[in-house]
Amino acid sequence: MTATGSSEGRAGVEVRLEHLTRKYATTTALDRLTLTLAPGELVALLGPSGCGKTTALRLLAGLEEADSGRVIIAGKDVTNVPANRRNIGMVFQAYSLFPHMSARQNVEFGMQLQHVGPAERRERATEVLDLVGLAAHANKFAHQLSGGQQQRVALARALAIKPKVLLLDEPLSALDAKVRARLRDEIRRVQLEVGITTLFVTHDQEEALAIADRVGVMQSGHLEQLGPPTEIYSRPATPFVAEFVGLTNRIKGEVHGGTVDVRGTRIPLVDPDVDDGPATALVRPEAVTLASNGEMEDGPLVGTVIAIAFLGAMSRVTVDLGDTIVLAQMATSAASQTPAGTKVRLTLRPDPVLIQREQPAATAP
Amino acid sequence: MTAASSPALSSAARPLEGGRRPTLSWVGVVPFFLYVGVFLLLPTAIIVGGSLLTPSGSLSFANFEGINKPYMFKAFASSIAISAVSAVVGAFVGALLAYAVVTGKPDGILRRTVMSGAGVLAQFGGVTLTFAFIATLGTVGFVYVFLLQHGIDIYARGVWLYDQAGLTLIYLYFQIPLMVLVFAPALDGIRPQWREATDSLGGGTWHYWRYIAGPLLFPSFLGCTLLLFANAFSAYATASALLTQGGVILPLQIQFLLTSETGSSQPGYAKALALAMIVIVLVVMTLYTLLQRRTAHWLR
C-alpha cells in the first residue's frame, strides 16, 4: 500500500470560512459562521439536526450559495467559484456511488473529467482503491458491495482527483455500529496518510470526538465551541455543549461566591463570575462516585441503585435520590459491588462545573 | 396460562403429522389466476387454435398466408408506423412532463394533480375520446372554427383528422399521460447525490446527463417507449370510432374479417392476424421487462 500517488502535490491547505450566513425563507441556517481549518487538519462539526453543520459543509463545497461571508481555500477567495471548479473531494451520507459503474469506473470518473489519460487513470485508481483496501473489489458494482465498502469506494473516488480539501457529510451514519467504528478509524488513517485538510460533519458525538483534531459544536447556526476533543468534553464552554457532548446530570443547587452548593457539596464553577442564587449544576457522571456500601444515615446524597448499564470496562449506575435521578460512571468491578436495590451514598468530585439558570417566564406586554 | 399447560393450545400449534402445516395463503391469488385464465389465456388459446383451423375444421397454416397480401401488409405497416410515432413522441413529451413534475415537491399539489390527472387520462380512449376530438378539431369543431375565424386553417391541405395523422394525434392524448405514469418512478430513482457528486468531481450539467443520468435512465426510457408502442399497437376502439372506412390499421382489418356484412367473414384469417399481433406485443413486452429489470437495482 502506498500513499505517494494519492498525496502527490497535495500538501494540506488552509481553509477559512468567514462570517458565512445562509437563510432559508425565514430560517437562518447559518449565522455568521467563522471557522479556520489548519493545513492537514481534520475538524469535525458536531450538532443536532438543523444546527447548520451540513449547510456549512455545502457552502464550502459550493453546492449552495452563501447570503453573505466568504470561503477562502489556500488563500484564494472561492466564494463565487462553482462547485465543479473548487477541486474539493466529497463523501456523502450514502448511495452516492454511480450504480451503473464499477468501483474502478467510479474512481476513474473524476479523473476522466480532468482529461487524465486512460493509463494514468487506471494506475491512480488502483492506488487509491489500494489505499482504502478495496483493490480486490475494483470490478464490483455498488449493489455488489456492502455499505462500508461503498463508502470506502466513495472516499477513494473523492481522493482520486487530488482535491485540496476533503468533505465528509455524515459518511458513517447509514452503517451499522461495528462497521462504523472500523471505517471511522480507516478514514482517519487515510486522512493522516494523505495529509489532506478535512471537514467532517456528524451528529454522533462519539464519532466526532474519536476522529477529529478539533471539534466544533454547533447550535442554531452558531459555533458554540471549537476545540480539541478533550477540551470539548472536559471543559464545555456552554450548557448546550455540556449536555450535547457526553451525559450530564442536572442537579439543583445554590450559587454562592463563585461556587455552587449541590446537595451539601461545594463545587467550583467554570465561570465563577455569576450572580448568587438558585441554579442547576451540570455534573458529569464520571464526577459522581459511590461511597462504601455499609450502614448509612439518610442524607441529600444517599439513594438507591435502580439500574446498572454494563458498558464493557466501565458501567453506568443509576441512583434514585428520591427527588432526582443521578448517573454515576465507574469501573465495572466497582459497579458490581452495588447491585440494584443497594442503598449508596454519592460523592461529587469538585471538578469545575457549568450552571444553568431557569429562564424567567415570558410575560404578556 | 402457558401453552404447555393447555392441551388445546399445544395441539393447535403443533404441525400435522409428517411435516409442515398446510397453508391456505394461495387462496388469495385464485381470483387473479381465474381472471387471467378467463380473460387472457382462454382467448389466446382460442385465437391460436382458430388460426390453425380451416373452415372445414382441418389443421392448416393457410390462414397465415393471407398476411402477405399487399393491403394486409400495408395495414401492418400503418399500425407499426402509427404506434411507433405516437410512442416516440409520447415518450419524449411524457418524459419531459414527468421530469418537470418529479423535480417539484414530492408531496406538492402540482405533482399530486398531474399524477392523478395522468392516471385518468391514460385510460381515456375509445368513442368518448374520438368524439371529444371531433367536437373540438373536427370540421365543425369549435377549436377548428375558432382558429379559422382567426385566419388559421389547420386543414388547408386537407382534413387529416380522419387519417393516420389524426389517429396518431388522438393516441398521443393517452400516450403522454401513460408515459408520465410509467417513467416518473425511474426519475424518482435518480438521487440528488449523483448530481452533487458529479459537481464535486469537476463535472457540469452536460457531464451529468451524458455519463450519469442519461445512461441510468435510457434503458427505462426505452422500455417505457416500447410499452407505449404496445399500448398503441393493441388499441382498437379509438380507431374504430374515428375511421369508418377502410382497414387502415390491423385491429380494424381483424374487425372487418370477423364482421363482414357481405357474408365473407373469415374468422380463421382474423385469428391468424390476431396471433401475429400477440406475437409482436409479446416480443415488445419481453423487451420492456428485460429493460426494466436492467435498471431496477440502479434506480430503486
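The values are calculated or read from the model by the stated rules, or taken from the named source; none is laboratory data. As the structure is a prediction and not an experimental result, all values here were calculated from the model. Cβ sites come from the backbone with ideal geometry, for glycine too, and all protein chains shown count toward neighbours. For the accessible areas, the whole protein counts, side chains as well, though only heavy atoms, and no ligand, DNA or RNA atoms are used. Shrake-Rupley method; radii C 1.70, N 1.55, O 1.52, S 1.80 Å.
Side notes on the structure shown:
- Residue that is surrounded by the fewest Cβ atoms within 10 Å (Cβ to Cβ), among those in the stretch A:115-142 that are within 14 Å of chain B (Cβ to nearest Cβ) and more than 25 Å from A:Leu192 (Cβ to Cβ): A:His115
- Selected residue (criterion: nearest to A:Ala210 (Cα to Cα)) from residues of the stretch A:265-278 that are touching a Leu at 6+ places or on another chain (Cβ under 8 Å) and modelled with pLDDT of 90 or more: A:Leu269
- Per this entry, B:Phe229 is not counted among residues that are over 30 Å from A:Ala158 (Cβ atoms), in contact with a Cys (Cβ under 6 Å, 6 or more places away or on another chain) and more than 14 Å from every other protein chain (Cβ to nearest Cβ).
- For the stretch A:71-94, the tally of residues that are more than 24 Å from the chain's Cα centre (by Cα) and more than 9 Å from chain B (Cβ to nearest Cβ) stands at 8.
- Residue tally, condition open to solvent by less than 10 Å² (accessible area, probe 1.4 Å) and either within 14 Å of chain B (Cβ to nearest Cβ) or in a strand (DSSP E or B) (or both), over the stretch A:148-195: 15
- Here A:Ala56, A:Ala44, A:Ala29 are screened, and the one residue that is part of a helix (DSSP H, G or I), touching a residue at least 60 places away in the same chain (Cβ under 8 Å) and more than 14 Å from chain B (Cβ to nearest Cβ) is A:Ala56.
For every residue, the table says whether it meets (1) under 27 Å from A:Arg235 (Cβ atoms); (2) open to solvent by 40 Å² or more (accessible area, probe 1.4 Å); (3) in contact with a Lys or Arg (Cβ under 8 Å, 6 or more places away or on another chain); (4) among the hydroxyl-bearing types (Ser, Thr, Tyr).
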position: A:Leu301; (1), (2), (3), (4): yes, no, yes, no
position: A:Ala313; (1), (2), (3), (4): yes, yes, no, no
position: A:Val317; (1), (2), (3), (4): yes, no, no, no
position: A:Leu321; (1), (2), (3), (4): yes, no, yes, no
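- Those residues of the stretch B:199-226 which are within 14 Å of another protein chain (Cβ to nearest Cβ) and β-branched (Val, Ile, Thr), in sequence order: B:Thr205, B:Ile212
- Selected residue [open to solvent by 70 Å² or more (accessible area, probe 1.4 Å) and at pLDDT 90 or above] from B:Thr259, B:Thr286, B:Thr244: B:Thr286
- In the stretch A:66-83, the residues that are in a loop (DSSP other than H, G, I, E, B) and either open to solvent by less than 10 Å² (accessible area, probe 1.4 Å) or without any contact (Cβ under 8 Å) to a residue 40 or more places away in the chain (or both): A:Val78, A:Thr79, A:Asn80, A:Val81, A:Pro82
- Checking A:Gln105 against (1) part of a helix (DSSP H, G or I); (2) within 12 Å of chain B (Cβ to nearest Cβ); (3) open to solvent by less than 10 Å² (accessible area, probe 1.4 Å), the condition it does not meet: (3)
- Only one of the numbered conditions (1) away from chain B (no Cβ under 14 Å); (2) hydrophobic (A, V, I, L, M, F, W, C); (3) touching a helix residue (DSSP H, G or I) at 6+ places or on another chain (Cβ under 6 Å) is violated by A:Leu97, and that is (1).
- Here the condition is being in contact (Cβ under 8 Å) with a residue 24 or more places away in the chain and more than 18 Å from B:Phe92 (Cβ to Cβ); of B:Leu167, B:Leu181, B:Leu201, B:Leu216, it holds for B:Leu167 alone.
- Residue selected from the stretch B:184-196 under the condition touching a residue at least 12 places away in the same chain (Cβ under 8 Å) and more than 21 Å from B:Leu110 (Cα to Cα), by the criterion farthest from the other protein chains (Cβ to nearest Cβ): B:Arg195
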